[in-house]
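Take a look at the structure below.
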Number of protein chains: 2
Amino acid sequence: MLIVQKYGGTSVGSTERIKAVADRVARTRREGNDVVVVVSAMAGETDKLIRLAGEISDSPPEREMDLLLSSGERISAALTAIALNELGIKARSFTGRQVGIVTDTAHTRARIEKITATQVKKAISEGYVPVIAGFQGTTETAEVTTLGRGGSDLTAVAVAAALGADLCEIYTDVEGVFTTDPGIVPEARKLDKISYEEMLELASLGAKVLQTRSVEFAMKYNVPLVVRSSFSDKPGTLVVMEDKDMEKVLVSGVAYDKNQSKITILGVPDKPGIAARLFKSIADAGIVVDMIVQNVSSDGKSTDISFTVPRPDIQKAVRITEEVVQDLGARGISVDNNIAKVSIVGVGMKTHSGVAAKMFETFAEQGINIKMISTSEIKVSCVIDSKYTELAVRVLHDAFDLAKGD
Amino acid sequence: MLIVQKYGGTSVGSTERIKAVADRVARTRREGNDVVVVVSAMAGETDKLIRLAGEISDSPPEREMDLLLSSGERISAALTAIALNELGIKARSFTGRQVGIVTDTAHTRARIEKITATQVKKAISEGYVPVIAGFQGTTETAEVTTLGRGGSDLTAVAVAAALGADLCEIYTDVEGVFTTDPGIVPEARKLDKISYEEMLELASLGAKVLQTRSVEFAMKYNVPLVVRSSFSDKPGTLVVMEDKDMEKVLVSGVAYDKNQSKITILGVPDKPGIAARLFKSIADAGIVVDMIVQNVSSDGKSTDISFTVPRPDIQKAVRITEEVVQDLGARGISVDNNIAKVSIVGVGMKTHSGVAAKMFETFAEQGINIKMISTSEIKVSCVIDSKYTELAVRVLHDAFDLAKGD
């Protein structure tokens, strides 16, 4: 097998940990596999570099931040290659450029345009373990770029796709993907297997394990992912294409997100093009709107529009909304910061009805009022009063029998 | 004027110091100059990276060390570019590769083969201050290399040569080149001007200000150098081609080197080819021999050969010498670790006689015995007992009136 192993910041957080990573790679080699390693910066290193830049400027040029931050992964790649050689394993470090990761020119959040991986393939065929500095690429004109949050995961998945790897293992400090946050529900169970679609919903709903972009990329190129801990030998969670087994399970997990705020515009005249105008203004400001719900107003002539935005963007969003409201002649707006979004995710919903109803029923039994509802093929999300978040997660986990394995 | 300014590790040792560097660059710009900046790694950063590698391996692969260590200069280049932009000065960082510094493949001590500097020239013409990460280049096959000790100085001089710069300023933590070590002779005087040849002799004789390679490069391409402090506004020392003024001065400086050992082979048969054989074996072992003196032996049929090697290489040198001695049928060898080399340097010696005699006379007056003598056109070196080093430096400084300016 050809396995891509990605190690996060805590997994390479010290020279001792880097040696442990080398041991694991050595073991994987001994089991007869070819291995490609992708590393993040050592834990704390990126923060240190950001702090240094912050001491100099409040708005450092993004191009310079990219050169600055890409150094962290180069350091851990070199150190990991040294550790492997020390164990007698032939290993060579690779920078984003040496891998041939070509990105667009959007500094600090570049998108991968292509990966040649010629030198990496050659190194593998010569018996080397390539150790790739994650998170970075270069543009066609040789500018250094970085891939944004979760960029090293994306490097790993993209390299796995380019090499046609059999497996991409994401080593982190948790043991896999859980049915919900074990901090809220102690009985939360680690999932053995989950579909890309479910993982995508969980990722975008606030489960911190994998970034949305990496999962999308893995799904697009059908790269089997494993999320597992570098501090244990437990098998982790496999993220793959949906299969028949998965559809038997109604709900795979419960996610929550306390980091949103809700804006409601009251009494919007019922004319075409109004929603378009509002959300274009908000999007132009770089604010990502999550849920949008439109209700017919009580008088039948106007509507109420509610939507949620990330909490840090709320002031900007309110300012933009107020301008639009004046132009529209709407009655006014209200803001609610005390909300949480609680969601259930599962591919089984595609073929089973009644899942949403059961969720609403469970909330009703506990006296939890639902403020907004949004659904997709494999997800139901409800916005509720934030004080009920933990209660809601617990009762849903229980109602859908998630503590019990398949 | 086009000025290349190189700032060493202490000059960029903190974000405060980096801001001070930016201020100086800004001032140089305001005076109407184009500026190119070359930076070392922040003081302590390179040592930290070496320590991390040392925690993992006693003999890390040189290729990996190069990727590791080149990160330090990239970080300071990015931070310096950020600081300049913060002052409203258009600045862009450049890595060795982006400068187009192509080296051979000798990792950790690569030699520069060519510099294109296309992007740097373009940036200057567009009004940018290029900020170049020193110490590094890439091979024809895009491997990252470093240039060895003093590598950032070499980057600065080589870039200045490639750009046809009017001046290359080397900012460091001393105020220039002194007539001798002010730690030994408090009256030591900062030189306003010195020739490349003199600087070269002083550099190779152990004055730590500039590395030999940088001075050689500057001389070859006739790049005017200034060595000065980044902590003051004093003008520093100009290093340029020899001129008429310089020849009036007999001696420019007194240097010393306590880091050598002396080996003497006794009773070497007086046959051709013997010295060649000995010094080839030592050179093959990578040991750099400094002084070689051959005396006719007392019996007139054999000779004694004495030579000096760097102290850390003495054991290896003795082992090699002993093998050769056996083959030659020489009488034996003696080793002296308690030596120091004290030298006087000055282009005036070319046209004035009696300088060496005055040096010997000065030593004789103080009862300092001379063990070896070696001369070049602009230098006289004597090996003496190491305990007399400071005394010898002081009396020579006095004898040649070095405390007195021109």
Handout entry: Those residues of segment A:46-91 which are in a helix (DSSP H, G or I), hydroxyl-bearing (Ser, Thr, Tyr) and more than 7 Å from chain B (Cβ to nearest Cβ), in sequence order
Key = A:THR46, A:SER70, A:SER76, A:THR80
Exercise for the section: Could you tell me which numbered condition A:LEU238 fails, if it satisfies all but one of (1) assigned to a strand (DSSP E or B); (2) touching a residue at least 60 places away in the same chain (Cβ under 8 Å); (3) of a type outside the set (Val, Ile, Thr); (4) surrounded by fewer than 21 Cβ atoms within 10 Å (Cβ to Cβ)? Expected result: (2)
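Looking at A:GLU64, A:GLU55 in this structure, which one is more than 25 Å from A:ALA123 (Cβ to Cβ), surrounded by fewer than 24 Cβ atoms within 10 Å (Cβ to Cβ) and not polar (S, T, N, Q)? Spell out the reasoning first.
Working: A:GLU64 fails: surrounded by fewer than 24 Cβ atoms within 10 Å (Cβ to Cβ).
The conditions single out A:GLU55.
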Practice task
Could you pull out the residue among B:ILE333, B:ILE305 that is in a strand (DSSP E or B), without any contact (Cβ under 8 Å) to a residue 60 or more places away in the chain and touching a strand residue (DSSP E or B) at 6+ places or on another chain (Cβ under 7 Å)?
Solution key: B:ILE305
Practice task
State which residue pairs qualify: first residue at pLDDT 90 or above and inside segment A:263-290, second residue assigned to a strand (DSSP E or B) and among the polar types (S, T, N, Q) in any location, beta carbons under 6 Å apart, and separation of 6 or more residues or different chains.
Solution key: A:THR264/A:SER306; A:THR264/A:SER334
Fill in the blank from the handout: Considering segment A:336-362, residues that are in contact with a strand residue (DSSP E or B) (Cβ under 6 Å, 6 or more places away or on another chain) and more than 21 Å from A:PRO312 (Cβ to Cβ), and then whichever is surrounded by the fewest Cβ atoms within 10 Å (Cβ to Cβ), we arrive at A:ALA356
Practice task
Identify the single condition in (1) surrounded by fewer than 20 Cβ atoms within 10 Å (Cβ to Cβ); (2) in contact with a Leu (Cβ under 7 Å, 6 or more places away or on another chain); (3) modelled with pLDDT under 90 that A:PRO224 does not satisfy, given that it satisfies every other one.
Solution key: (3)
Handout entry: Pairs with Cβ under 6 Å, 6+ apart, first in segment B:387-406 and more than 15 Å from B:SER343 (Cα to Cα), second exposed (fewer than 14 other Cβ atoms within 10 Å of the Cβ)
Key = B:ALA403/B:GLU187
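Counting only residues that are surrounded by fewer than 16 Cβ atoms within 10 Å (Cβ to Cβ) and out of contact with any helix residue (DSSP H, G or I) (no Cβ under 8 Å at 6 or more places or on another chain), how many does segment A:258-274 have? Working first, answer last.
Initially, segment A:258-274 is screened for residues surrounded by fewer than 16 Cβ atoms within 10 Å (Cβ to Cβ), giving A:258-259, A:269-273.
Imposing the further condition that a residue be out of contact with any helix residue (DSSP H, G or I) (no Cβ under 8 Å at 6 or more places or on another chain) reduces the set to A:270-273.
Total satisfying the criteria: 4.
Is it fair to say A:VAL395 is modelled with pLDDT under 90, assigned to a helix (DSSP H, G or I) and among the hydrophobic types (A, V, I, L, M, F, W, C)?
Values: modelled with pLDDT under 90: no; assigned to a helix (DSSP H, G or I): yes; among the hydrophobic types (A, V, I, L, M, F, W, C): yes.
It is false that A:VAL395 is modelled with pLDDT under 90, assigned to a helix (DSSP H, G or I) and among the hydrophobic types (A, V, I, L, M, F, W, C).
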Handout entry: Of all residues in segment B:1-37 being without any contact (Cβ under 8 Å) to a residue 40 or more places away in the chain and away from every other protein chain (no Cβ under 14 Å), the one that is farthest from B:ASN85 (Cα to Cα)
Key = B:GLY9
Practice task
May I ask you to list the residues in segment B:140-152 that are more than 27 Å from B:THR28 (Cβ to Cβ) and part of a loop (DSSP other than H, G, I, E, B)?
Solution key: B:GLU140, B:THR141, B:ALA142, B:GLU143, B:GLY148, B:ARG149
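When the residues of segment A:97-107 are narrowed to those that are under 28 Å from B:GLU62 (Cβ atoms) and either away from chain B (no Cβ under 13 Å) or among the aliphatic types (A, V, I, L, M) (or both), which ends up surrounded by the most Cβ atoms within 10 Å (Cβ to Cβ)?
Taking segment A:97-107 as the starting set, the residues that turn out to be under 28 Å from B:GLU62 (Cβ atoms) are A:97-101.
Remaining after also requiring either away from chain B (no Cβ under 13 Å) or among the aliphatic types (A, V, I, L, M) (or both): A:99, A:101.
Details: A:VAL99: 27, A:ILE101: 29.
In this case the residue turns out to be A:ILE101.
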Exercise for the section: For A:ALA165, state whether it is in contact with an Asp or Glu (Cβ under 9 Å, 6 or more places away or on another chain), modelled with pLDDT of 95 or more, assigned to a loop (DSSP other than H, G, I, E, B) and not aromatic (Phe, Trp, Tyr). Expected result: yes
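Answer yes or no as to whether A:ALA330 is buried (at least 19 other Cβ atoms within 10 Å of the Cβ), under 28 Å from A:LEU266 (Cα atoms) and not hydroxyl-bearing (Ser, Thr, Tyr).
yes
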Handout entry: B:SER125 surrounded by 20 or more Cβ atoms within 10 Å (Cβ to Cβ) and out of contact with any Pro (no Cβ under 7 Å at 6 or more places or on another chain)
Key = no
Handout entry: Residues (more than 15 Å from the chain's Cα centre (by Cα) and among the aromatic types (Phe, Trp, Tyr)) located in segment A:172-231
Key = A:TYR221, A:PHE231
Problem - In segment A:75-96, the residues that are in contact with a Ser or Thr (Cβ under 6 Å, 6 or more places away or on another chain) and surrounded by fewer than 24 Cβ atoms within 10 Å (Cβ to Cβ) - result: A:GLU86
Completion exercise
Across segment B:25-38, the tally of residues that are farther than 11 Å from B:VAL129 by Cβ and surrounded by 19 or more Cβ atoms within 10 Å (Cβ to Cβ) stands at 1
Practice task
Residues being within 21 Å of the chain's Cα centre (by Cα) and among the aliphatic types (A, V, I, L, M): count how many of those fall in segment B:102-131.
Solution key: 3
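Specify which of the listed residues (B:ALA165, B:ALA156, B:ALA133, B:ALA203) is crowded, with 21+ Cβ neighbours inside 10 Å, more than 14 Å from chain A (Cβ to nearest Cβ) and closer than 20 Å to B:ALA41 by Cβ.
Numbers: B:ALA165 fails: closer than 20 Å to B:ALA41 by Cβ; B:ALA133 fails: more than 14 Å from chain A (Cβ to nearest Cβ); B:ALA203 fails: closer than 20 Å to B:ALA41 by Cβ.
Answer to the selection: B:ALA156.
Of the residues that sit in segment B:176-224 and are assigned to a helix (DSSP H, G or I) and of a type in the set (Lys, Arg), which one is farthest from B:VAL342 (Cα to Cα)?
Of all residues in segment B:176-224, those assigned to a helix (DSSP H, G or I) come to B:196-204, B:212-220.
So of that shortlist, the ones also of a type in the set (Lys, Arg) come out as B:213, B:220.
Details: B:ARG213: 22, B:LYS220: 27 Å.
Ranking the candidates gives B:LYS220 first.
The values are calculated or read from the model by the stated rules, or taken from the named source; none is laboratory data. The structure presented is a predicted model; accordingly, all values stated were derived computationally and were not measured. Cβ sites come from the backbone with ideal geometry, for glycine too, and all protein chains shown count toward neighbours.
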